[in-house]
Each structure stands twice: as structure tokens, then as C-alpha cells.
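For reference, the structure discussed in these notes is given below.
The values are calculated or read from the model by the stated rules, or taken from the named source; none is laboratory data. Keep in mind the model is a prediction, meaning the values are calculated, not measured. In this analysis, Cβ positions are derived from the backbone assuming ideal geometry, glycine residues included, and neighbour counts consider all displayed protein chains.
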Amino acid sequence: MNEILIVDSVYLKKDGRDIVNGLTFSVPEGTLCAILGRNGAGKTSLASIIMGLSGYRPTSGRITFNNVNITNLSVPERARMGLTLAFQNPVSIEGLKISNYILLGAKDKNEKTAREALERVDLDPDIYMKRTLDKSLSGGERKRIELAAVFAMRPRLAILDEPDSGIDAIAIEKIKELLLSFKKINTALLLITHRATIAEIADIAYLMDAGRIIKSGPPKEVNEFFITKCGSCFHSKLPE
Amino acid sequence: MERMLNEYEELIEAYERTGGVRGEFSNPNIPSLIVSGNKILGKNVVKGLELESEAVENGVNLRLTLRKGTKIFYPMRLCFGLVPKDGIQIINMHAVIEEEAGMNAISHCVFPNAEHILHKMNFELEIGRGSFYRYSEIHFHGEKGGVEVTPYIKGRVGESSFFEATFVLKEGRVGVFDTKYDIEVLKNGSIELYAKVWGKGNDEISIDERAHLTEEGAKALVKSKVVISDNAHSKVFSTIDASAPYTKGHIDCTEVVQGDAIAEAVPTVHVSNNLAKVTHEAAIGSLDSREIETLETRGLSEEEAIKVLIEGILS
């Protein structure tokens with residue numbers, strides 16, 4: 001299977017601190033990969049580096065996406081190649097209709113696409129199509145709209161930073177269904193999560209600590225290692 | 001005759017650019033007026049609405065009367081403009097909304113080829129008891145910024161009546177925009193004044209909105225949203241003067257500044273009755289970089305993302 005994303009020996013130093021330390025891993029096309037790790041392990045920084053966000057250009061290393069070196073490309077250039085990111089805390093945008101937001105990155109910019117995307121995240125299109133993406137939405141609603149927008153975009157790879165945070169237990173099953181449905185449209189996912197129930201649907205899991213990958217393998221195995229070995233780890237010491 | 005037809009066509013095209021629909025001027029159920037310079041190119045009134053018009057040297061004098069008890073279903077469509085690149089248009093409008101009457105009006109002021117144009121609107125408004133009047137003014141000034149626009153509204157809103165005025169200038173350049181609204185609100189009457197303007201280049205924007213709550217229970221909301229880019233300059237003066245008991249008012253001014261633009265906001269609250277309550281808020285800031293980055297992750301360029309955000313703010 002071809003690799004849609006290759007992160008090769010990437011380092012990032014910010015304000016004199018090592019954030020990412022020689023990180024190397026890859027995501028095969030159309031697969032679900034989970035990134036596990038404690039708070040401060042560098043997971044969100046990794047997402048920002050891959051997407052090319054401001055302040056997150058690697059100090060060294062190389063990122064290849066769909067066989068193209070994207071290390072020095074801008075965010076929109078990466079997005080137009082089929083790479084996107086759903087932030088952990090999505091922003092509110094005053095006055096922008098939810099339907100228009102969902103369709104921003106979609107290839108088929110029609111009402112049907114927006115409605116289908118909302119249904120996928122269990123939000124009633126009749127209610128949400130005309131609402132705006134403002135602060136009246138709850139954190140959970142906003143997260144689901146973000147996932148709907150990513151689904152409508154049908155990217156080659158989506159990085160989802162904590163897609164389950166702020167989402168209630170009832171909706172979480174629907175979100176898991178949605179995450180699995182990305183495979184059907186040949187979208188690979190990089191799932192950044194703390195929750196074992198989300199990680200377990202992945203094909204492969206990576207465990208991050210102190211800015212590097214310390215273990216990879218089947219999600220169950222990596223998660224067990226995370227709980228047993230990292231529980232007492234204080235970051236200064238990496239588990240053997 | 002042919003020249004008039006061409007002028008009509010050009011104005012209608014610009015009217016459509018600001019969201020107007022061509023067929024509205026030929027629908028007998030929709031009251032309308034279309035004025036190019038000082039020429040009245042079309043006029044339609046409906047039962048209960050009177051509209052006297054008179055061409056003068058550089059514009060028109062209009063007297064609109066909505067008779068007592070008349071409620072008009074369709075908003076009246078007004079189109080004022082100038083097709084040539086140079087010229088003056090002065091609209092003197094006196095509107096009387098009699099008791100228990102109500103109507104909406106949408107005015108499109110279009111200057112598609114403007115290089116040196118002065119457009120003045122002197123609007124006197126009287127709203128009788130128990131009535132309403134909603135007035136929206138949407139402008140299009142072309143891309144050269146050669147327009148000076150001075151819409152002045154002076155009015156009185158009667159007992160238990162409602163007046164809403166919305167000014168929108170989002171498309172093309174602003175040029176010089178100097179607006180003054182000065183409205184007195186009587187017992188239990190209320191007004192809402194909205195301004196949404198996007199200034200670019202070296203545009204100069206001055207918004208001066210004053211509400212006088214002179215009788216018991218009168219209310220006012222004065223809300224301005226201004227985005228300025230490049231070297232544009234904006235000044236927003238919003239004033240609520242509350243002198244009667246149980247009056248309420250709120251001023252809300254948001255300005256977004258980009259590039260080397262300069263914004264000023266001066267909310268003024270004047271309260272001379274201890275049973276009145278008036279509040280204000282003003283915020284001047286830049287666009288949120290996280291919002292821009294979020295839109296970039298969907299493939300929008302920085303410029304496209306900024307446009308989407310500004311359109312949202314001014315929506």
C-alpha cells in the first residue's frame with residue numbers, strides 16, 4: 001500500500017524548547033491511524049507541522065504528501081492537494097452560514113452535499129443549514145460541524161485533533177461511524193486522541209512522548225502500553 | 001429616447017449587482033421609483049401611498065405619504081444613481097408615515113462608473129402614532145472610489161412607532177462617506193439604526209448617528225460594523241441622549257482594521273433622567289489569525305479567507 005504521508009526526521013524547536021525530536025512515521029493511503037500520548041507529548045504540534053501552520057515550520061526534516069515534498073508549502077497549497085486539519089477547538093465565525101462553511105472546501109458545492117454531511121454527524125440539516133457558525137453553538141455542535149466540513153471536502157488525508165472531545169456519549173457512536181466511513185471515500189485519517197474507544201477503530205496506532213514516536217502497532221497493544229507504561233512516566237524518562 | 005433606455009439598462013444592471021431583481025420595477029403590486037441624475041425613469045405607487053416628484057437642477061424633490069391605516073405588503077423599491085463618471089445628484093425626500101400605517105423600503109444607490117460624483121440625500125421623516133417604517137439603503141460605488149456620499153436623515157418617530165434604518169456599503173469602493181442620522185423618539189417608540197461598511201484604498205468614512213429619547217419608554221439601538229483595509233480611515237460617532245423616564249438605549253460599534261487603516265469609535269451616552277438606562281460597547285481589532293488559518297485548511301487563499309470573514313462580519 002502506498003504511503004499518503006511520510007514524516008521523516010522532523011525536528012521543531014520553539015522558544016528554545018524542543019517540541020518535536022526527530023519524528024518519523026507514515027500513514028498508508030486510506031487508513032485510519034491513531035496518535036496517542038499524554039498532554040504535552042507534542043501531538044497537536046505534530047498536527048500543526050503537517051498542516052504547515054504559522055510558527056510550525058520544522059527546524060529540519062521532510063514531509064512528503066502524496067509523493068510531493070510539502071515541507072515548504074503554504075497551508076492553502078497543502079489543502080488544495082487534499083490535506084486538511086480539524087482543530088481541537090474549532091473557531092466561531094460570525095455571520096457565516098453553517099451550510100456555506102461546510103461547502104468551502106467541498107468539490108460539489110451544492111445543498112445536497114451540505115445536508116448529507118450534517119446528517120453524517122447527526123445534526124438535523126433543517127435546523128443547522130441556515131444557522132451561522134457563531135458563539136451560540138455549543139462546543140460539541142461546533143466539533144460535529146467541523147467533522148461535517150471535513151467529510152464534505154473528501155480530502156486524501158484529514159488530521160482530526162481530538163475529534164471526540166466535547167461530544168456526548170450518545171453522539172460518540174455516530175462519530176465513530178463517521179470516522180469509519182472516511183475509509184469508504186478513500187480518505188486516510190490521522191486521529192489524535194486520548195480516548196481508547198476512538199483509538200481502537202484505527203488500523204494502526206502510534207504513541208508519542210517528548211516529541212517523538214515511541215511505539216507503533218495495533219491500537220489495542222499500543223493503548224495498553226500507553227496506560228501501563230506511560231501512567232507513571234514523567235516525560236524526562238522515556239519508557240524502555 | 002435611446003440614451004434614456006441605455007441609462008435605464010445600466011442602472012438596472014448595477015441595481016442587480018446590489019441584490020435587486022429587475023422585474024420588481026415592472027410589477028404593479030410593488031411600489032417603486034427609479035431616478036437617474038434628475039430624471040425619473042420609472043414610478044409606481046399602490047393604494048394608500050402617494051409619491052410626488054419634481055425634477056430640479058441636480059436632482060429630485062420627493063414627497064412620500066403613506067396614508068393613515070395603510071400597510072403595504074411588498075417593500076417599496078427605490079433606485080437612485082448616475083451612469084456617467086462625473087455629476088451631482090441631490091435627493092430631497094420628505095416622508096410622512098401617518099397613524100397606524102407601515103411600510104418597508106429598500107433603496108439602492110448605484111454609481112457604477114463613478115470618478116467624480118457627489119450624491120446627497122436629505123431625508124426628513126415623520127412617523128405618526130402606532131406606525132412602522134423600515135428603510136434599507138444599499139450602495140454600489142464602482143471600483144474607483146470617486147464618490148462622495150452624504151446621506152442625512154432627520155426624523156421623529158411617534159408614540160408606539162418603530163423605525164429601522166440599515167445602511168450597507170460592502171461592494172466596490174466607498175470613496176468619501178459622511179452620514180448623519182438624527183432621530184427623536186417619542187413615548188414608547190423605538191428605533192434601530194444599523195450601518196455596515198467596508199472601506200478600502202484611501203476611503204474616508206464618517207458615521208454620526210444620534211438618537212434622542214425624549215419621552216417615557218422610548219428605546220434605541222445603534223449598531224455599526226465597519227471594516228477598513230489599506231489606508232482607509234473611519235470615524236464612528238454614536239450618541240444616545242436619554243432624557244425621559246424608562247427610556248432604554250444601547251450602542252454597539254465594531255471596527256475591524258487591516259493594513260495601515262485607521263479607526264476611531266466614539267460612543268457617547270447622555271442621560272439626564274435617573275430612570276433611564278443606556279449602555280454602550282465599542283471594539284476595534286484585527287481579524288483573528290486562527291479564523292484565517294481555519295479557512296486556509298479548506299483550501300482558501302489568505303485573501304479569500306479574509307473576504308469570507310469580512311462578509312460574515314458585515315452580513
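Structure notes:
- Summed over region A:48-65, the residues that are surrounded by 16 or more Cβ atoms within 10 Å (Cβ to Cβ) and more than 10 Å from chain B (Cβ to nearest Cβ) give a count of 8.
- Selection of region A:20-34 for residues being crowded, with 22+ Cβ neighbours inside 10 Å and modelled with pLDDT of 95 or more yields A:VAL27, A:LEU32, A:CYS33, A:ALA34.
- Applying the set (1) surrounded by 18 or more Cβ atoms within 10 Å (Cβ to Cβ); (2) out of contact with any Ser or Thr (no Cβ under 6 Å at 6 or more places or on another chain); (3) within 11 Å of chain B (Cβ to nearest Cβ); (4) among the aliphatic types (A, V, I, L, M) to A:ILE70 leaves exactly one unmet item: (3).
- Test: B:VAL45 is surrounded by fewer than 19 Cβ atoms within 10 Å (Cβ to Cβ) and in contact (Cβ under 8 Å) with a residue 12 or more places away in the chain: yes
- Of all residues making up region B:262-315, the number that are within 19 Å of B:VAL227 (Cβ to Cβ) and among the basic types (Lys, Arg): 2
- Single residue of B:GLY37, B:GLY87, B:GLY142, B:GLY130 found to be closer than 30 Å to B:GLU215 by Cα and buried (at least 16 other Cβ atoms within 10 Å of the Cβ): B:GLY130
- Verdict on A:ILE172 being surrounded by fewer than 23 Cβ atoms within 10 Å (Cβ to Cβ) and in contact with a Ser or Thr (Cβ under 8 Å, 6 or more places away or on another chain): yes
- Residue within region A:18-28 that is more than 14 Å from every other protein chain (Cβ to nearest Cβ), assigned to a helix (DSSP H, G or I), over 20 Å from B:SER301 (Cβ atoms) and charged (D, E, K, R) present: no
- Residue, nearest to the chain's Cα centre (by Cα), within region B:149-167, restricted to residues that are under 29 Å from B:ASN231 (Cα atoms) and surrounded by 19 or more Cβ atoms within 10 Å (Cβ to Cβ): B:PHE167
- For region A:73-89, filtered to residues that are facing chain B (nearest Cβ under 7 Å) and of a type outside the set (A, V, I, L, M, F, W, C), the residue that is surrounded by the most Cβ atoms within 10 Å (Cβ to Cβ) is A:THR84.
- Just one of (1) free of Cβ contacts under 8 Å to residues at least 40 places away in the same chain; (2) in a loop (DSSP other than H, G, I, E, B); (3) within 21 Å of A:ARG212 (Cβ to Cβ) fails for A:TYR56. It is (1).
The rows are residues; the columns are (1) outside any strand (DSSP E or B); (2) at negative phi; (3) of a type in the set (Phe, Trp, Tyr).
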position	(1), (2), (3)
B:VAL149	no, yes, no
B:TYR152	no, yes, yes
B:GLY155	no, yes, no
B:SER160	yes, no, no
B:PHE163	no, yes, yes
B:VAL168	no, yes, no
B:TYR181	no, yes, yes
B:GLU184	no, yes, no
B:ASN188	yes, no, no
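- Top-ranked residue in region A:148-162 [being within 16 Å of A:ALA117 (Cα to Cα) and touching a helix residue (DSSP H, G or I) at 6+ places or on another chain (Cβ under 6 Å); ranked as surrounded by the most Cβ atoms within 10 Å (Cβ to Cβ)]: A:ALA148
- If you filter region A:90-101 down to residues that are over 17 Å from the mean Cα position of the chain (by Cα) and at the interface with another protein chain (Cβ under 9 Å from one of its Cβ atoms), you find that the one that is nearest to A:HIS194 (Cα to Cα) is A:SER92.
- Residue match in region B:264-273 (condition: away from every other protein chain (no Cβ under 14 Å), crowded, with 16+ Cβ neighbours inside 10 Å, out of contact with any Asp or Glu (no Cβ under 8 Å at 6 or more places or on another chain) and in a loop (DSSP other than H, G, I, E, B)): no
- Selection within region B:276-315: residues that are among the polar types (S, T, N, Q), facing chain A (nearest Cβ under 8 Å) and under 28 Å from B:THR18 (Cβ atoms). The member of this set that is surrounded by the fewest Cβ atoms within 10 Å (Cβ to Cβ) is B:SER315.
- On inspection, B:VAL226 qualifies as among the hydrophobic types (A, V, I, L, M, F, W, C), more than 18 Å from B:TYR135 (Cα to Cα), buried (at least 17 other Cβ atoms within 10 Å of the Cβ) and in contact (Cβ under 8 Å) with a residue 24 or more places away in the chain.
- Top-ranked residue in region A:121-136 [being touching a residue at least 40 places away in the same chain (Cβ under 8 Å) and surrounded by fewer than 19 Cβ atoms within 10 Å (Cβ to Cβ); ranked as nearest to the other protein chains (Cβ to nearest Cβ)]: A:ASP134
- Of the residues making up region B:269-292, those that are within 12 Å of A:ILE93 (Cβ to Cβ) and either without any contact (Cβ under 8 Å) to a residue 24 or more places away in the chain or charged (D, E, K, R) (or both) are B:ASP288, B:ARG290, B:GLU291, B:ILE292.
- Only a single criterion out of (1) in a helix (DSSP H, G or I); (2) farther than 14 Å from A:ALA148 by Cβ; (3) in contact (Cβ under 8 Å) with a residue 12 or more places away in the chain is not satisfied by A:PRO76, namely (3).
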